Each structure stands twice: as C-alpha cells, then as structure tokens.
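Each value in this text was obtained by applying a stated rule to the coordinates, not by laboratory testing. Bear in mind the structure is a predicted one, so any value in this text is a computation, not a measurement. Counting neighbours? That spans all protein chains shown, and the Cβs are built from the backbone with ideal geometry, glycine included.
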Amino acid sequence: MSGADRRTGGRAVCKLAVALLTLAVAPPDRLHAQRVAIGPEFIVGDYREQSADLAYQGIGFGAGAIARWRRFTGEVQYASVEYEPEDGGAGLESFSAAQLDGVLRYTLSGTASVELGATRRDIDPEVAAQSMSAVRLGVRLSQLLAPGARVTVRGTYLAAAKFSGGGSAPFAFEVGLGFLGELARGHVRLTADYEFQHLGRKTESGGTEFDVPIQQWLLRLGAGVAF
Amino acid sequence: MRPGGALLLALLMMAPHAAAQAVQNATLRRAVRAYETLDYRQAITLSQTALRERLSGPERGRAYEILGLAYSGLDSLTKGAEAFRQALLINPDMRMDPARTSPRITVAFDLALKQSLLVRELRVDSARFVGGQGAALIRYTVTQPARVRTTVVGGARTILIDSTVATGQINLRWPVQLPDGNPLPAGSYTVVVQATAGTSSFSASQPVRIALGAVDTLPHLTTLPGNEYLSETETPPRSWRPLGLAFLYTGIAVAGTFALESGDLGDGARRELVAVGGVTLGVGLVSLLRKPAPQPVRANILYNNLLREQLARRNADVARENINRRRQVELRVLPLPKTGAGR
C-alpha cells in the first residue's frame, strides 16, 4: 500500500468514524428516535499470516458505539490488541494491531439487514505484519432468543482490500457470531462477539503470483450502556 | 218461554246480588219472598209499603228493584221502567245480564237507562308511576249526552281534571298533578264526575288514596351482563425455537469459519468461536428449559379497554339518570271502597 493510498483510505475511515461518533455522543434531545449505546470491550485475538509459522495470539481492549435512527444503524468499533508470537516463535517480533471498523446498516426486516462500511488495521511496527484497509459489504441476520437476549450472525465481503506490503485480496471474507444480552430494560448491554477474517492476499513478484493469506480471529467481550 | 219462567230466571240471576245486600226491613223481606214465589201483585204491594217505611239507601234501591221486576213481570213496562229508574238513581251501577234476563225486564231496564242521566261504573285504576311520566286511568259511562266535569276533591282543594261534552264510555288519563305541574300532595281524595244536561244533573264519586315515595335509583355497574373481563396475559407453550435458532446461527458461523479457513495457516485457536457459540447455545437451552413468561395478549387488552370504556360510559349514564331520579317522586294511586251512591 502506498503512502497516498493509505492517507486516502485513512481519511475516509476517519470521516465515517467521526460521523458515527457524533451520532453516538450527541445529546438525546437531538437524536429524536435514535437509540445510542456505548461501552468498552475486552478482546482476545489470534493472527496468522502466510504460513502456520507466523502465528500470533494476543489480548487487548477496545470500545464500541452504536446509534440507531429509524431503519438505519451506525456502528463503530475500535480494537487494540497486543500480539505475541505463538509458542514464543523464534525470530518473530511482537506487534500491536489497532483496528477500526465502521458500518452503516439498513434493516430490511425485523431479522435481516445489509451493511456498508470500512475497516482499517494498523500494525506497529509496520514490518511485523500487514496493515490493511478494505470496504465492508455485508449481510446480517438477527433473532431474539428470549426477552433481552439476541443472537446475530453476519457475513461480510471485504472489497478493495489494500495492504501495507502490497498485493490484493479478491477473496476476502469475514464471518461473525454475536450475542447481546440486555439488562435494566435495555439500559445495560452485555455483548460477546466472535469474528473470523480471512484475506486471500496475493502478491506478485517477477511475473509470479504468490498466495499470502492472512487470518484473524477476534473475540470481543463488552459491557455498555444504552440510552 | 212463559212469563213466570222468565221471571224465575231473572230472580235466580239477581239472587246473589240480593244476598249480598242483607235486607233488614221486614216488609221488604216479605216483598222479596212474594216475588220469589212469583206473587207479583203481593210483591208490588209490599214493596210500595216498604218504601213508605224507614229504609236504608241500599234497602230503598232494593225495594225499587223488586218493584221494577214485579211490574215487568206483569207486563207493565212504563211502571217497571220508572221503578228501575228510581233504583238506578240510588245504585247507578246496577245492571242486568241480557243473556240471562227476561227480554221484558231488559227492555224495561234499558228504557229506564235511556230516561235517566247517570254516571255509571266510575273506576279509578290503581297505578304507580313517576310524577310527570305517567297517569292513572279514570273510566266511567254517561248514559245521555251531557257536560261532564271530572274533579278531584281533597280537603278544601278542588282540582279540575277534565271538562267535556260526552256520552257513552269515557276514559281519562289523570296525571295526578296540581295546576302548577307539581305532584298532588299525599292524602285521601275523592274523584267526582258530575254530568249536567239541561236541568238534570248526576254525579258519581270514587275515593282514592294518593301516596308519594322516592324513585328507586339505579345500581352502579361493575360488569356488563354477558361480557366478562379476559385475561390480559397468557403463558405461551414451551418452545424449541430459541434453541433451534441458537444452533442455526452458531452452525452458520462454524460452517463459515471452516469454509474460509486456510489449511496452510494451521488450525487457528477456535476458543473465540467456542466461547460465543457456547453462550448462544446456553441461552437457547435456558430459554427452552425455563417456564415461559406470561405474554400480554393484545386482543384481550384491547377488549378489556373497550369493556372498561363501555362500563364507564354506562355508569356515567347511570349517574346522570340517578341525579334526575333523586329529584323525582313516585306516585301511587289506590282506589278505596265506595261509601255512598251517586245522586
């Protein structure tokens, strides 16, 4: 990914995030029928790249915010995970990953919704792993299991993925499973969210194409308030 | 039919009436016995003798009646009619049953009726009604065209009920009110019907008792008959749906993960999927095992709300009606036994 591309993608993601955060933190009297939720998250992660030898595991913290208005939902999630090489992998360097996701979701019915957004993951130090950004195109199904308990499954195509080390990923998907429990008449939210991301990254060198896949598993355990 | 047989029949018909009016005068008793033995001439003589003696009103009427029957038995129509006329002036309600009486007697009796101005069969029906919303019925018969004034008299008060020129059967509705529209005060009154035609006049009266009472108020309604309140919540049957959904959604996530995973990268740590999937399945299982919470039944809630609104409307109507009823008076009209005859 070139510096110019990175700046352009970064600005888009930042604009979306600012817009959604504005919705999230705006005073309730300006939100009319909106429902806003916000809260911190504890994160467990597993990151793999190129081969089984480049495997990392880590933990971190994040935050999420959601704002609803009529059939629209805006959601922003930030995760910062400190990855360590798995089994103390010799010669591998620890790194931190800061991932920002933002989506705008439109509810088709009580169960199904479609979403459009962006994702960006920055790696520090840059050479330890691949920073990336992509556009998110997804569908989501959501059902009540019981009063105050909701389960969600989602599938997302990560389009136009760009990587700090170059290459592209025409085959890039993410699946997720989420559980939401609401307490105190919905004012307190407990969330558990599983996210698996597969990026079929391909690079080209000397006219030869190489497969350099990237996979990441994230578990987000969150607690928040809604108003 | 022989005259004697016809008169015997008339005698039999009159017997209960005669028995009801106990005759004290000895001469009159002898006249009755003479008539019963078909000795009409002796009956006439004894009746006339009795009429010259001291008789009570009913006895005098009975004497004229025996005289009329005996004259009719002797085919003396004019004298018979005159005797019946005198009897009718004393007892205007006297009647002959044409089906069971000799035609000669009936003709004499009818002739007497046509010759007399009488107010007969005055009746005031007993009644119970709310003042201003009902009336008591007064009925009488006038035998000749006459100016008929109907009044009610009580104490020093005389109130005109009706004044008309009429003949035959008359029915009047009496609202039992003073001229200003207020109910007549409770007490004993006499309804007097006076008929006047030329120099002839006749009046009949009927005593009545007027009683006043409060009008019953309506009870406050707590239910509408045939419309009971329905339960606003309902416990749904135990459902496998939550567990099924948990399995379905977890299965989709597991299948998606396995489909996308690259074997070159080794087996990833699936603890994240196990954790979230486990929570989801656990909630689904708990939802299955837990007794379902009662759910509001919207239709029943709407129905109960409609019922409450209907009850409130009906009770508002009841309250308004009761306010009116507390201002109203219930009137009871009770006819009393007559103490005298017409004049």
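Structural remarks
- Extension gain from residue A:69 to residue A:127, taking 0.36 nm per residue of separation minus the Cα-Cα distance: 16.8 nm
- Percent of C-alpha pairs per 10 Å bin in the stretch B:233-324, short distances first: 14, 22, 17, 14, 11, 9, 6, 4, 2, 0.
- The residue B:158 and residue B:302 beta-carbon pair, evaluated with R₀ = 56 Å, returns a calculated FRET efficiency of approximately 0.30.
- Sites residue B:48 and residue B:167, calculated FRET efficiency, Cβ-Cβ separation with R0 35 Å, nearest 0.05: 0.60
- Given charges at beta-carbon only (K, R positive; D, E negative), |dipole| of the protein assembly as shown in Debye: 5720 debye
- Isotropically averaged projected area of the protein assembly as shown, using the convex hull of Cα atoms (one quarter of hull area), nm²: 50.3 nm²
- Per-residue mean of C-beta atoms belonging to partner chains within 10 Å, peptide A:152-161: 2
- Using Cβ point charges alone (K and R +1, D and E -1), the dipole size of chain B about the Cα centre works out to roughly 1700 debye.
- Over the stretch B:68-185, the reciprocal of the mean inverse Cα-Cα separation, the Kirkwood hydrodynamic radius, stands at 16.4 Å.
- Label-point separation in nm, residue B:258 to residue B:123, each point 7 Å along Cα→Cβ: 10.2 nm
- Euclidean distance between Cα centres, the stretch B:48-123 to the stretch A:84-163, Å: 124 Å
- Evaluating 6.51 cos²θ - 1.76 cosθ + 1.60 at θ = phi - 60° for every residue in the stretch B:156-166, the Karplus couplings come out as 9, 9, 10, 10, 6, 9, 7, 9, 7, 9, 7 Hz, glycine and proline recorded as x.
- Among the residues of B:283-290, the average count of other protein chain beta-carbon atoms within 10 Å of the residue beta-carbon is 3.
- Once backbone amide H atoms are built at 1.01 Å from N, residue B:329 has B:131 as its partners under 5 Å, excluding neighbours fewer than 5 places away on the same chain.
- For chain B, projected area of the alpha-carbon convex hull averaged over all directions, nm²: 35.7 nm²
- Here r is the Cβ-Cβ distance between residue B:248 and residue B:222 and R0 is 41 Å; the resulting FRET efficiency, rounded to 0.05, is 0.25.
- Amide H contacts under 5 Å for residue A:172: A:158, A:200, restricted to partners 5 or more places along the chain or on a different chain, H placed in the peptide plane at 1.01 Å from N.
- Where only DSSP H runs of four or more residues are counted, chain B gives -15000 deg cm²/dmol as its mean residue ellipticity at 222 nm, each run worth -39500 (n - 2.57).
- The stretch B:165-323, relative contact order in percent, only Cα pairs under 8 angstrom and at least six apart counted: 28 percent
- In sequence order, calculated HN-Hα J values of the stretch B:134-142 (Karplus, 6.51, -1.76, 1.60; Hz; x Gly/Pro): x, 7, 9, 9, 10, 10, 7, 10, 10
- Between B:237, B:92, B:58, the GNM of chain B built on Cα springs shorter than 10 angstrom shows B:237 fluctuating the most.
- Zone residues, the stretch B:95-123, relative to residue B:75, backbone N less than 18 Å from point 7 Å out along Cα-to-Cβ: B:102-109
- Set of the stretch A:131-169 residues, backbone N closer than 11 Å to the point 7 Å along the Cα-Cβ line of residue B:238: none
- Comparing B:306, B:137, B:178 in a Gaussian network model of chain B, where Cα atoms under 10 Å apart are tied by springs, the biggest mean-square fluctuation is seen for B:306.
- Residue B:310 versus residue A:211: modelled label distance in nm, points set 7 Å from Cα along the beta carbon direction: 7.3 nm
- Using a Gaussian network model of chain B in which every pair of alpha carbons under 10 angstrom is joined by a spring, one finds that among B:172, B:273, B:38 the greatest mean-square fluctuation is at B:273.
- Using θ = phi - 60° in the Karplus curve 6.51 cos²θ - 1.76 cosθ + 1.60, the 3J(HN,Hα) couplings for the stretch B:173-181 round to 9, 10, x, 6, 10, 6, x, 7, x Hz; x is entered for Gly and Pro.
- Among the trypsin sites (Lys or Arg not before Pro) found in the stretch B:88-180, those both in a DSSP coil and sparsely packed, with 16 or fewer other Cβ atoms within 10 Å of their Cβ, are B:95, B:100.
- Kirkwood Rh and Cα Rg combined as Rg/Rh, the stretch B:271-313: 1.48
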